[in-house]
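**Q** Quick one: structure below, then a few questions.
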Amino acid sequence: MLIPHDMLDPDTLQRLLEDFVTRDGTDNGYDATLEQRVERLRRQIERREVLIVFHTDSGDTSLAHRRDVPPQLLRDLD
């Protein structure tokens, strides 16, 4: 299930973004502050390049590039 970012409480969205950008393997080798990394990701989400995915089977939330999301889920988003 895709979750529109604007349906989340701003604090919840901020924590989700911070959690994601601080995970192992997400720094991509360049020096950027936490704030810069979060802002870059926030812009990608606002442009719908990256989507918030809620996995109903596990209760987990993840982020996915739009190109990696099944087309049937994208139809529901648009």
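Rule-based calculations on the coordinates, nothing more; no lab input. Computed from a prediction, not measured in an experiment: that's the story for all the values here. Cβ: placed from backbone, ideal geometry, glycine included. Neighbour counts: every protein chain shown.
**Q** Tell me, what ³J(HN,Hα) does each residue in the range 58-66 have, in order and in whole Hz, if you take phi through Karplus 6.51 cos²θ - 1.76 cosθ + 1.60 with θ = phi - 60° and put x for Gly and Pro?
**A** 10, x, 8, 10, 9, 10, 9, 5, 3
**Q** Let me have the relative contact order for the chain, percent, based on Cα pairs under 8 Å that are six or more residues apart.
**A** So the answer I get is 34 percent.
**Q** Ok, one more. Could you state the angle between the C-alpha long axis of helix 10-21 and the longest principal axis of the C-alpha atoms of the chain, as a value from 0 to 90 degrees rounded to the nearest 10?
**A** 70
**Q** In addition: Can you give the calculated 222 nm mean residue ellipticity of the chain, where each DSSP H run of n ≥ 4 adds -39,500 (n - 2.57) and the sum is split over every residue, rounded to the nearest 500 deg cm²/dmol? Before the final figure, lay out the partial values.
**A** Working: 3 runs with 32 residues, N = 78.
-12500 deg cm²/dmol, from helical runs alone.
**Q** While we're on this one: What percentage of all Cα-Cα pairs in the chain are separated by more than 19 Å?
**A** 36
**Q** Calculate the FRET efficiency for Asp11 and Asp57 from the Cβ-Cβ distance with a Förster distance of 25 Å, rounded to the nearest 0.05.
**A** Computed FRET efficiency for Asp11 and Asp57: 0.40.
**Q** With everything on Cα atoms, drop me the angle between helix 34-46 and the longest principal axis of the chain, reported from 0 to 90° to the nearest 10.
**A** 20
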